[in-house]
Amino acid sequence: DEHLRRRQLPASHRGLLPARPFSRTEGWRYDLAFVAAEARRLHASFSREAFSAEFATATQELSDRIPGLADWQIRVRLQQLLALLRDGHTGIDIDYRTQRLPVRLYFFPDGVFIVDARDAHKDLIGSRVLRIGSRSVEQLLADLPSYIPRDNAIGIQWRGPHTLVHMDFLQALGAAESPERVTMTVRK
């Protein structure tokens, strides 16, 4: 019975926490260790980034910092860690219940534009985004690649617009002071 065989695997091979109480820090560290182990398992060649000193150092640094980080910061840093793998098929599904801007962006050759918006903001469709919070679009685009798992530059074009509407990432990029509010400067 496959279900029975899966239950007999050690927890580390199923991605499940062992059956004992965990503190928040222990739980996040367990998750981080699991992600790093899976990265090495799935990127099996020793010449791959999952086996690099950069990946090992970043994993250890995140583990060390977990007690002082908020959950949203850990999620964002996990995504940053996975971006080091330079693989567009490896990433985490950011909690979509997190606060997001009420617009959808698209990166065109001549700038970042609002291509869709919730009803109260429909008048912004077609506007060029100049700033988000305290940062210019150019500054954000310069820092964005470290948060985007990708194979090449097209990955930034594809995932970048979605990333720039998540308040967690806007906070990490220094554009938003809080998870509830940010100002967007646009040109119609």
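The values are calculated or read from the model by the stated rules, or taken from the named source; none is laboratory data. All values reported here derive from a predicted model rather than from experimental measurement. Note: ideal-geometry Cβ built from the backbone for every residue, glycine included; neighbour counts use all protein chains shown. Note: areas computed on protein heavy atoms with side chains; ligands, DNA, RNA excluded. Shrake-Rupley method; radii C 1.70, N 1.55, O 1.52, S 1.80 Å.
The table that follows gives values for the structure above.
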item: Gyration tensor verdict on the stretch 22-107 (Cα atoms; rounded if a/c is under 1.5, prolate if a/b is larger than b/c, oblate otherwise); result: oblate
item: Cα-based shape type of the chain, given that a ≥ b ≥ c are square roots of the gyration tensor eigenvalues and the cut on a/c is 1.5; result: prolate
item: Shape call, the stretch 105-188: gyration tensor on alpha carbons, a/c limit 1.5; result: oblate
item: Charge dipole magnitude, Cβ of K and R +1, D and E -1 - the chain, Cα centre, debye nearest 20; result: 220 debye
item: Helix axis angle, 153-163 relative to the chain longest principal axis, alpha carbon, degrees; result: 80 degrees
item: Using alpha-carbon coordinates, inclination of helix 71-83 to the longest axis of the chain, degrees; result: 80 degrees
item: Point-to-point label distance, E177-Y106, nm (Cα→Cβ direction, 7 Å offset); result: 3.4 nm
item: For the chain: accessible area per residue (Å², 1.4 Å); result: 59 Å²
item: Accessible area of the chain belonging to carbon and sulfur atoms, whole % at 1.4 Å probe; result: 52 percent
item: Distance (nanometres) between label positions extended 7 Å along Cα→Cβ at S47 and I125; result: 4.9 nm
item: Cα-projected label distance for D151 with E26, points at 7 Å along beta-carbon direction, nm; result: 4.1 nm
item: Probe 1.4 Å, all protein chains present, accessible-area order of W158, W72, largest first; result: W158, W72
